[in-house]
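Reading through the structure tokens given below for one structure.
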Amino acid sequence: MHFTKVEHIGIAVKDIAAANTLYTNLLGAAPYKTETVASEHVVTSFFKVGETKIELLQATDPSSAIAKHIEKRGEGMHHVAYAVDDIKASMTALSKEGFRLLNEVPKKGADNKWVCFIHPKSCNGVLVELCQDRGERINLETEQVAE
Ligand code: CO
């Protein structure tokens, strides 16, 4: 099985400062990281919850997927991210299974990950993220650097 765990759950928020305070109160610990991902037009923060994490995402400009998500559906759950050992192998296998990948090569995501998204229409209405630690080596020839 290529998925090793639910790595994190992404939640779209309008005001990440307010949401950080709320989630610190809810989870009993402050975010361990806040990071801007310029290529995705988002600012993110991450909270540890046992083996998995909660990622809060706020748009930094109206072209962001998070801004569009909030405009359509309001704040709330945005994606489920699964950890994989070999993102390129998972992408190839899932593509063959008919899942619609939203990027053809792994791209740099938040929290030092290589990521690939799968269209919600392929996954019962849920946007799925595959992620692999960027510390692990992947073939750099097809690396997409959008930062
Ligand atoms: Co994510």
### Task
Could you grab me the full set of residues in region 89-115 that are of a type outside the set (A, V, I, L, M, F, W, C), more than 16 Å from the ligand (Cβ to nearest atom) and surrounded by 13 or more Cβ atoms within 10 Å (Cβ to Cβ)?
SER95, ARG100
### Message
Exactly one condition in (1) of a type in the set (Asp, Glu); (2) in contact (Cβ under 8 Å) with a residue 24 or more places away in the chain; (3) surrounded by fewer than 15 Cβ atoms within 10 Å (Cβ to Cβ) is false for ASP61; which is it?
### Response
(2)
### Query
Among the residues of region 44-58, is any farther than 22 Å from VAL126 by Cβ, acidic (Asp, Glu) and either within 16 Å of the ligand (Cβ to nearest atom) or modelled with pLDDT of 95 or more (or both)?
no
### Message
For the condition out of contact with any helix residue (DSSP H, G or I) (no Cβ under 6 Å at 6 or more places or on another chain), within 11 Å of the ligand (Cβ to nearest atom) and modelled with pLDDT of 95 or more, what is the one hit in ILE11, ILE16, ILE70?
### Response
ILE11
### Task
For region 25-35, state whether one or more residues are without any contact (Cβ under 8 Å) to a residue 60 or more places away in the chain and crowded, with 18+ Cβ neighbours inside 10 Å.
yes
### Task
Would you please name the residue that is nearest to the ligand (Cβ to nearest atom), looking only at residues in region 26-43 that are over 19 Å from LYS107 (Cα atoms) and assigned to a helix (DSSP H, G or I)?
LEU27
### Query
Only one residue in ASN103, ASN124 is farther than 21 Å from ALA38 by Cβ and assigned to a loop (DSSP other than H, G, I, E, B), so which one is that?
ASN124
### Message
Restricting to region 1-16, give me the number of residues that are loosely packed, with under 12 Cβ neighbours inside 10 Å and in a helix (DSSP H, G or I).
### Response
0
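The values are calculated or read from the model by the stated rules, or taken from the named source; none is laboratory data. Since we're looking at a predicted model, the values are computed, not measured. Note that we place each Cβ from the backbone using ideal geometry, even for glycine, and neighbour counts take in every protein chain shown.
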